[in-house]
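Report on the structure given below.
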Amino acid sequence: MHKKKLFTELSSLLTEQVNPATAKIDTVSSLEIARLMNHEDKKVATAVEDELPQIAAAIDLVAAAFKRGGRLIYIGAGTSGRLGILDASECPPTFGVSRSQVQGIIAGGKKAVFRSVEGAEDDVEAGVAALKKISFSKRDVLCGISASKRTPFVLGAIDFARRLGAKTVFLTSNPDVGVKASVVIRTLVGPEVIMGSTRMKAGTSHKLVLNMISTGAMILCGKTYGNLMVDVQPTNQKLIERTKRIFMLATGASYADAEIILREADGKLKVALVIYLAGCSRSEAVRRLKSAQGFVGKAIK
């Protein structure tokens, strides 16, 4: 893109405007800096609230993909890419899914997670290549994250996914988005505390949205019983004890009973819950859960 055209384009972005409320932030005390930042951060939740219908639509798309064996793939550059990777990395231990079910892709590759890779976000073909590398297909959902709405790496990937026939979600913090996606989410948090530093309000809003999308989809796929996570993987001592505590909270059973039933269920919390609450054998609990598509409440009934 011609330099002057890019300059004009950036100058018009909401995320690139100067925030008058923090124009003198370099002259105030540390407490006032914290107050100014906190005041601006209060706008984030409202901006996310305004997009709840679109977020719900994204949750439905992802849940439907999971049920047909598809994946959720996040893609972004810089902070956006790191947020996607963070959300993806937390899904396996929390919901017991494979590492491949939710993945994050960042412009510049793994090294860009820890340090900036200059120019990576401007490579349109690199985004496409990254999707091809993981055999992205129309069964999957691609969530492109770009605070500025213009990141070439992300836009190229979104276009490729659409041409494959896959569902797409586009998350940004700017209005007037020209990107064609199945769902567009715009968290309009306004100018940043420090001009253009979208790791701040925009990044915070995107973290909230990604939490909602992945968690909401997991709930719709039976990964919770009430608000308890029942597909947690007891891979370390803390998680083993958390599994026992969740069992006790859901059943009212004692610690000793939790140990006994979880041992009978080979450590599988869902199976243990159905054994205890439905008063059935391990094999019957497994059968019930399969019939109920993994929903503990339905399996008990």
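Where a number appears in this text, it was derived from the coordinates with a stated rule and is not lab data. Quick caveat, the model's predicted, so the values are computed rather than measured. A quick note on method: Cβ atoms are made from the backbone with ideal geometry, for glycine too, and the neighbour counts reach across all protein chains shown.
Between I134 and E241, how many nm apart are label points set 7 Å from Cα along the C-beta direction?
In this crude label model, I134 to E241 measures out at 3.4 nm.
I want to verify the translational diffusion coefficient of the range 1-118 in µm²/s; compute it with Stokes-Einstein, Rh as the Kirkwood radius over Cα pairs, at 25 °C and 0.890 mPa s. Show your work: numbers first, answer last.
Values: Rh = 17.9 Å.
Stokes-Einstein gives a translational diffusion coefficient of 137 µm²/s.
Restricting to lysine pairs 8 or more places apart or on different chains, what number in the range 224-300 have Cα atoms under 13 Å apart?
5
Quick check on the chain: helices-only [θ] at 222 nm, where DSSP H runs of length 4 and up contribute -39,500 (n - 2.57) each and the sum goes over total residues. Nearest 500, please.
Mean residue ellipticity at 222 nm (helix-derived): -16500 deg cm²/dmol.
On a full-extension model of 0.36 nm per residue, what is the gain between E90 and K24, subtracting their alpha-carbon distance, rounded to one decimal in nm?
Values: separation 66, 0.36 × 66 = 23.76 nm, distance 3.84 nm.
The E90-K24 span can extend by a further 19.9 nm.
Need one number: the % of Cα-Cα pairs in the chain sitting beyond the 34 Å mark.
33 percent
Per residue, what volume in Å³ does the Cα convex hull of the range 185-301 take up? Walk me through the numbers on the way to the answer.
Values: hull volume 15.4 nm³, N = 117.
About 131 Å³ per residue, rounded to a whole number.
Placing unit charges on C-beta atoms (Lys and Arg positive, Asp and Glu negative, everything else neutral), compute the dipole magnitude of the chain about its Cα centre in debye, rounded to 20.
Magnitude of the dipole: close to 980 debye.
Roughly what percent of Cα-Cα pairs across the range 254-301 reach past 15 Å?
Beyond 15 Å sits 32 percent of the P(r) for the range 254-301.
Starting from the Cα of K43, draw a straight line to each of the lysines and keep only those under 26 Å, dropping any in the same chain fewer than 8 residues away.
Candidates past the 8-residue exclusion: K24, K149, K201, K207.
Given a Förster distance of 30 angstrom, what is the FRET efficiency for E125 paired with K180, based on the Cβ-Cβ distance and rounded to 0.05?
Approximately 0.95, to the nearest 0.05.
Using +1 at the Cβ of each Lys and Arg and -1 at the Cβ of each Asp and Glu in the range 91-181, identify which of T94, A181, P152 lies farthest towards the dipole's positive end.
T94
Once the piece of chain linking S98 and E118 is laid out straight, how much longer is it, given 0.36 nm per residue of separation minus the C-alpha distance between them? Please list the in-between numbers first.
Values: separation 20, 0.36 × 20 = 7.20 nm, distance 3.17 nm.
Once the chain is fully extended between S98 and E118, it gains 4.0 nm.
Just N236, N211, N38 to compare: in a GNM of the chain, with alpha carbon springs under 10 Å, which one fluctuates most?
Highest fluctuation of the listed residues: N236.
Using Cα pairs under 8 angstrom and six or more residues apart, how large is the relative contact order of the range 11-220, in percent?
Contact order relative to length: 30 percent.
Quick one: helix 269-278 against the long Cα principal axis of the chain, what's the angle to the nearest 10°, folded into 0 to 90?
Long axis of 269-278 versus the principal axis of the chain: about 50 degrees.
For the range 83-103 and the range 15-68, what is the separation of their Cα centres, given in Å?
When both Cα centres are located, 23 Å separates them.
Using Cα centres only, tell me the gap between the range 238-255 and the range 153-173 in whole Å.
Cα centres, the range 238-255 to the range 153-173: 41 Å.
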